[in-house]
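J.: Quick one: structure below, then a few questions.
The values are calculated or read from the model by the stated rules, or taken from the named source; none is laboratory data. Every value quoted in this text rests on a predicted model; they were computed, and no experiment measured them. All Cβ positions, glycine included, derive from the backbone under ideal geometry; neighbour counts span all protein chains shown.
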Amino acid sequence: MPGFVELDVRPILRAGGEPFEKIMQTINTLKPDQGLRLLATFKPVPLFHVLGSKGYTHQEKELGGGDWEVLFTPSGAPASNAATVGADANAKDNAAWPEPVQHLDNRDLDPPEPMVKILATTEAMAPGEVLSAYLCREPLFLFPELAKRGHSWRGGFEADGKTYKVLVRVGKPTGAAA
């Protein structure tokens with residue numbers, strides 16, 4: 001069993017902050033045989049997918065009072081069907097996507113507003129249409145939500161290194177016939 005580096009993000013969360021960057025910085029400093037012991041004020045379900053795509057399994061335990069402990073353990077290899085930086089598992093085809101019909105600039109919004117705005121916009125779009133959005137960070141919590149709705153995405157940081165551009169191709173509504 002690997003050793004664990006502890007990261008307590010509860011103070012960040014209680015202060016209204018976003019700990020994702022700190023979590024990823026910590027993950028990037030781990031040695032191959034180390035795991036992460038994360039303490040949070042909620043069960044961080046979107047993080048399970050994100051770190052699973054980086055080769056980590058997880059075990060979660062409720063500590064009481066709304067606090068959670070999650071042990072992320074290296075499994076040796078990234079999950080083969082998980083989202084990779086830049087595209088999701090639904091974006092298997094390499095065909096050209098149509099030009100976006102909707103454009104959003106969410107760089108000045110605080111989380112979770114960018115995700116809410118993107119999801120609301122996709123609800124009003126037809127299958128196959130593409131939305132482009134600018135964000136001030138990689139929207140990792142958005143990706144599982146897009147997957148649940150059958151949407152595909154591609155994205156990455158622009159040349160400035162601060163702006164993340166995501167393209168979302170709207171999929172068929174859940175339960176729609178093929």
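J.: Hey, Ile27 hits all of (1) touching a residue at least 40 places away in the same chain (Cβ under 8 Å); (2) more than 20 Å from the chain's Cα centre (by Cα) but one; which does it fall short on?
T.: With respect to (1) touching a residue at least 40 places away in the same chain (Cβ under 8 Å); (2) more than 20 Å from the chain's Cα centre (by Cα), Ile27 is out only on (2).
J.: Anything in region 99-134 that is surrounded by 12 or more Cβ atoms within 10 Å (Cβ to Cβ), of a type in the set (A, V, I, L, M, F, W, C) and more than 12 Å from Glu145 (Cβ to Cβ)? List them, or say none.
T.: Val101, Leu104, Leu109, Met125, Val130, Leu131, Ala133
J.: Consider region 7-29. How many of its residues are touching a Ser or Thr at 6+ places or on another chain (Cβ under 9 Å), of a type outside the set (Lys, Arg) and at pLDDT 90 or above?
T.: 2
J.: Can you pull out the residues in region 119-161 that are part of a loop (DSSP other than H, G, I, E, B) and within 17 Å of the chain's Cα centre (by Cα)?
T.: Across region 119-161, the qualifying residues are Cys136, Arg137, Glu138, Pro139, Leu140, Phe141, Arg149, Gly150, His151.
J.: Modelled with pLDDT under 90, more than 19 Å from His49 (Cα to Cα), surrounded by fewer than 17 Cβ atoms within 10 Å (Cβ to Cβ) and not aliphatic (A, V, I, L, M) - does that describe any residue in region 142-157?
T.: Yes, that holds for at least one residue.
J.: Another question about this same structure. Among Ala133, Ala120, Ala83, which is the only one that is under 28 Å from Gly52 (Cα atoms), at pLDDT below 90 and not charged (D, E, K, R)?
T.: Every option except Ala83 fails the conditions.
J.: Among the residues of region 92-112, count how many are modelled with pLDDT under 95, more than 16 Å from Glu138 (Cβ to Cβ) and either assigned to a helix (DSSP H, G or I) or among the hydrophobic types (A, V, I, L, M, F, W, C) (or both).
T.: Counting residues in region 92-112 that are modelled with pLDDT under 95, more than 16 Å from Glu138 (Cβ to Cβ) and either assigned to a helix (DSSP H, G or I) or among the hydrophobic types (A, V, I, L, M, F, W, C) (or both) gives 3.
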